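The values are calculated or read from the model by the stated rules, or taken from the named source; none is laboratory data. Keep in mind the model is a prediction, meaning the values are calculated, not measured. As a convention, Cβ positions derive from the backbone with ideal geometry for all residues, glycine included, and neighbour counts pool all protein chains shown. Surface areas here come from the heavy atoms of the whole protein model, side chains and all, with no ligands, DNA or RNA. Shrake-Rupley method; radii C 1.70, N 1.55, O 1.52, S 1.80 Å.
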Amino acid sequence: NKPAGMVTHPSGSHYQDSISNLLAAYFREKNETTRIRSIGRLDKETSGILLFARNQVAAARLQKQREEGKLQKKYLALAEGDLSEANDSVFWKEIAIPLAPDPENPMKMTISPDGLLPGSRNAVTYYKNIKNFGNATLVELQLETGRTHQIRIHMKYIGFPLIGDYLYNPDMEHITRQALHSYRLTFLHPITGQKMDFTAPLPDDMKKILN
């Protein structure tokens with residue numbers, strides 16, 4: 001259950017304080033030799049469930065589940081604006097538009113409607129209105145593809161950017177990071193085939209906004 005502000009993998013100025021580093025240190029302290037492999041990742045300021053495999057066989061099987069849609073991760077987000085009229089809360093709606101690196105800002109991604117921008121890749125997001133608060137909406141999301149900043153850009157594209165997103169909606173009045181949390185993960189155990197289902201409660205900063 002990754003806290004906001006921590007990176008998944010070592011990068012930039014974060015070579016010692018990533019989740020991967022902490023996991024490696026944990027197993028070293030237990031005198032267990034293992035090479036962990038992440039199955040997916042989360043942006044630095046996104047909180048919630050992450051999945052790692054402890055060996056190559058498990059990693060390959062879990063990655064295959066991810067590609068086949070048997071491994072599913074769901075998110076909760078707080079979006080700016082009233083989504084209640086734009087989306088019936090009973091049904092999922094789809095956002096399908098390619099994404100590409102922003103040619104004007106290496107830190108950002110951007111939509112690529114015609115798919116012609118360099119590095120364009122297809123991206124599909126499903127979203128559902130959970131509860132409306134007038135000027136904000138609690139949204140549930142599920143990804144068919146896992147592109148960098150996918151949820152953040154797709155929600156901005158439809159006119160409902162995430163609250164606190166410093167890159168795509170820099171309004172920090174209520175929260176100092178994008179209000180996005182990976183709250184549920186389901187998959188089949190890579191060895192036994194048993195269905196696994198995990199949830200992570202909303203972190204305090206998102207609860208505070210709801211309250």
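So which aspartates and glutamates pass the test for LYS131, namely a Cα distance under 19 Å, with those fewer than 8 places away in the same chain ruled out?
Partners found: GLU80, ASP82, GLU85, ASP88, GLU94, GLU140, ASP204, ASP205.
Return one whole number: the accessible area per residue of the chain in Å², for a 1.4 Å probe.
Working: 11690 Å² over 211 residues.
Accessible surface, normalised per residue, equals 55 Å².
How high is the relative contact order of the stretch 122-211, in percent, counting Cα pairs under 8 Å that sit 6 or more residues apart?
Values: 118 pairs, mean separation 13.7, N = 90.
RCO, the stretch 122-211: 15 percent.
For the stretch 1-74, build the charge dipole from Cβ charges (+1 Lys, Arg; -1 Asp, Glu) around the Cα centre, then report which of ASN1, PHE27, GLY69 sits farthest towards its positive end.
Of the options given, the answer is GLY69.
For a 31 Å ceiling on Cα separation, which of these pairs sit above it: LYS30/LYS208; LYS70/LYS156; LYS156/LYS195; LYS73/LYS156?
Values: LYS30/LYS208 37 Å; LYS70/LYS156 28 Å; LYS156/LYS195 34 Å; LYS73/LYS156 21 Å.
Check vs 31 Å cut-off fails for LYS30/LYS208; LYS156/LYS195.
Just check the stretch 109-211 against the gyration tensor rule for me: Cα atoms, a ≥ b ≥ c as the square roots of the eigenvalues, rounded for a/c under 1.5, and otherwise prolate or oblate depending on whether a/b exceeds b/c. Walk me through the numbers on the way to the answer.
Details: a/c = 2.11, a/b = 1.08, b/c = 1.96.
Judged from the Cα gyration tensor, the stretch 109-211 comes out oblate (a/c at least 1.5, b/c at or above a/b).
If you average the C-alpha positions of the stretch 149-184 and of the stretch 70-143 separately, how far apart do those two centres end up, in angstrom?
Cα centroid of the stretch 149-184 versus Cα centroid of the stretch 70-143: 10 Å apart.
So what is Rg over Rh here for the stretch 95-149, counting just Cα atoms and using Kirkwood for Rh? Show your work: numbers first, answer last.
On the way: Rg = 13.6 Å, Rh = 12.6 Å.
The Rg/Rh ratio comes out at 1.08.
Divide by every residue of the chain the summed helix terms, -39500 (n - 2.57) for each DSSP H run of at least 4, and state the resulting mean residue ellipticity at 222 nm, rounded to the nearest 500 deg cm²/dmol.
On the way: 4 runs with 39 residues, N = 211.
So the calculated ellipticity at 222 nm is -5500 deg cm²/dmol.
Only one of the listed values, [x] 26.3, 103; [y] 17.6, 55; [z] 19.4, 59, was derived from the coordinates as Rg and Dmax of the Cα atoms in Å; which label is it?
[y]
In whole percent, how big is the carbon plus sulfur part of the accessible area of the chain, probe 1.4 Å, protein atoms only? If you can, show how the numbers build up before the last one.
On the way: 5810 of 11690 Å².
It is 50 percent, rounded to a whole number.
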